[in-house]
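> Questions regarding the structure given below will be posed in turn.
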Amino acid sequence: MQKVGLLLGLCARAWKSVRMASSGVTRRDPLANKVALVTASTEGIGFSIARRLAQDGAHVVVSSRKQQNVDRAVTTLQGEGLSVTGTVCHVGKAEDRERLVATFWIDKAKEESMKEALRIRRIGKPEECAGIVSFMCSEDASYITGETVVVGGGTPSRL
């Protein structure tokens with residue numbers, strides 16, 4: 001009887017350990033000893049992803065077309081005690097990106113129409129995209145292959 005009790009106690013502790021590990025409760029720095037290069041990462045979603053990856057232990061290299069943007073992002077993130085460096089990197093034509101973005105909210109009616117299509121009825125925040133990126137970079141996602149993860153506020157996906 002004593003052996004059964006001991007065995008049950010060990011099983012319960014092991015199960016608690018598995019539950020806590022999978023929930024991230026006991027994991028600190030899941031991206032330790034990794035380097036993340038994040039393009040277009042001096043503002044918006046890219047900046048939030050860079051911040052989250054660094055918070056999770058990665059050394060992050062931020063990039064942008066302009067040195068002053070890189071410097072600002074690096075200063076901000078290093079000021080938060082994060083391991084970050086940066087470099088200038090042209091990833092496309094600025095005027096094309098600006099036109100595309102000016103098209104994601106210039107028209108308020110279009111923005112309201114987008115909100116109506118979303119099940120949560122609001123536009124997402126850049127920080128809300130960063131968590132899934134960090135998870136996918138971590139060992140917690142090591143068994144995930146060939147999947148598409150939609151971060152879209154409940155928008156039906158046709159991938």
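> Name the residue that is farthest from Ile49 (Cα to Cα), counting only residues in segment 69-91 that are touching a helix residue (DSSP H, G or I) at 6+ places or on another chain (Cβ under 7 Å) and polar (S, T, N, Q).
Thr87
> Starting from residues that are aliphatic (A, V, I, L, M), part of a loop (DSSP other than H, G, I, E, B) and open to solvent by less than 80 Å² (accessible area, probe 1.4 Å), keep the ones in segment 115-150 and report whichever is farthest from Val60 (Cα to Cα).
Per the stated criteria, the residue is Leu118.
> Which of the strands (runs of 3 or more DSSP E) found entirely inside segment 1-92 contain at least 2 residues meeting this: modelled with pLDDT of 55 or more, closer than 25 Å to Asp140 by Cα and under 15 Å from the mean Cα position of the chain (by Cα)?
Those strands (runs of 3 or more DSSP E) span 35-38, 59-64.
The values are calculated or read from the model by the stated rules, or taken from the named source; none is laboratory data. Because the structure is a prediction, the values reported are computed rather than measured. All Cβ positions, even for glycine, are placed from backbone atoms using ideal geometry, and neighbour counts span all protein chains on display. Only protein heavy atoms, including side chains, enter the accessible area calculation; ligands, DNA and RNA are left aside. Shrake-Rupley method; radii C 1.70, N 1.55, O 1.52, S 1.80 Å.
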